[in-house]
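J.: First the structure, which I've put down as structure tokens, then a few questions once you've had a look.
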Amino acid sequence: MMKKLLFLSALIFMGFNQIQAQGDLKLGINGGLPVGDAEDFSNFQLGADIAYLFGVMNVIEVGPMLGYSVFFVEDIETGFGEMDTDDVSFLPIAASGRLGLGMAFLGLDLGYAVSLNEDGEGGFYYRPKIGVGLGIFSIIGSYQGISNNGENLSSVNVGLEFQL
């Protein structure tokens, strides 16, 4: 299963490279504080993502997003399955959309987060965000959530995004 996911990820990245000339390729990195159920076992979250967004209208962009998110674990008790590692990691695969408001924008990523832990389970992924574009980079604030069986791993994040 893990080899298939890595292969799929590599294909998606190669696809981003081929279509880059037609839209905006965005690379982001963020850090956050876990909240809700994640707050019980984690004290910090880090993430990175790549998205290809193309304009649908003057103020709307949509496209695919692929990311990596890790919750640094203090205690391994979660509702997302037995974890045999110190960190809880996910590979979010989502659709991303944005509404431009001048220099600012509102965005939303929706999809599925695949667990990268051996015995972990994935879940529904969502990430509403707000940002300010400053040329080739943007400052973004977001709330990230991964829901499964009534539990929610979530974090409040701040990050940078670079447009290539």
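The values are calculated or read from the model by the stated rules, or taken from the named source; none is laboratory data. These figures come from a predicted structure and were not determined experimentally. Please note: Cβ atoms are built from the backbone with ideal geometry, for glycine as well, and neighbour counts cover all protein chains shown.
J.: Applying the selection to the range 101-126, what residues are aromatic (F, W, Y) and within 22 Å of F72 (Cα to Cα)?
T.: Within the range 101-126, Y112, F124, Y125, Y126 meet the criteria.
J.: Then there is this: How many residues, within the range 18-66, are touching a residue at least 40 places away in the same chain (Cβ under 8 Å) and part of a strand (DSSP E or B)?
T.: Residues meeting the conditions: 24.
J.: For the range 99-117, does any single residue satisfy the condition of being in a strand (DSSP E or B), farther than 19 Å from L25 by Cβ and among the polar types (S, T, N, Q)?
T.: Checking the range 99-117: at least one residue is in a strand (DSSP E or B), farther than 19 Å from L25 by Cβ and among the polar types (S, T, N, Q).
J.: Quick one: how many residues across the range 131-149 are under 17 Å from A94 (Cα atoms) and of a type outside the set (S, T, N, Q)?
T.: The total comes to 3.
J.: While we're looking at this one, here's another question. Restricting to the range 138-164, and then to whatever is modelled with pLDDT of 95 or more and of a type in the set (A, V, I, L, M, F, W, C), can you tell me which residue is farthest from P34 (Cα to Cα)?
T.: The qualifying residue farthest from P34 (Cα to Cα) is F162.
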